[in-house]
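These notes concern the structure reproduced below.
The values are calculated or read from the model by the stated rules, or taken from the named source; none is laboratory data. Nothing here was measured: the structure is a model prediction, and the numbers come from that model. Here the Cβ positions follow ideal geometry from the backbone for every residue, glycine too, while neighbour counts run over all protein chains shown.
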Amino acid sequence: METYREIAEHYGLKGIVADRYVAYMMRRWTDTQQQKCEDGYASEWAERFKAGIEMGSSDNEGKKVLSEIDAGHYGRGWRFE
């Protein structure tokens, strides 16, 4: 798997959870997507999103990113790619 979307699908993330996961990963690690997918880090985050513990697992920057994603896009039909 080479993309965050592929990782999301592999871990069974659906709908908004999958979109939030991809958006989060792209905002945090856009330039290292392939590396994060290969070394397992993207999978660790997919598991966190699947369990619903992404906010509690995030550092301050990650919490800010999640808050921005949630406040700025959800409920308006916006899909992250």
Filter segment 13-32 down to the residues that are in contact with a helix residue (DSSP H, G or I) (Cβ under 7 Å, 6 or more places away or on another chain) and either over 24 Å from residue 71 (Cα atoms) or charged (D, E, K, R) (or both) and list them by number. 20, 27, 28
Would you mind finding the one in 67, 43 that is in contact with a helix residue (DSSP H, G or I) (Cβ under 8 Å, 6 or more places away or on another chain) and either part of a helix (DSSP H, G or I) or among the aromatic types (Phe, Trp, Tyr) (or both)? 43
Find the residue count for segment 1-35, including only residues that are part of a helix (DSSP H, G or I) and either small (Gly, Ala, Ser) or more than 12 Å from the chain's Cα centre (by Cα) (or both). 9
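Please verify whether residue 58 is under 20 Å from residue 72 (Cβ atoms), modelled with pLDDT of 95 or more and of a type outside the set (Asp, Glu), treating the condition exactly as stated.
On the way: under 20 Å from residue 72 (Cβ atoms): yes; modelled with pLDDT of 95 or more: yes; of a type outside the set (Asp, Glu): yes.
In short, yes.
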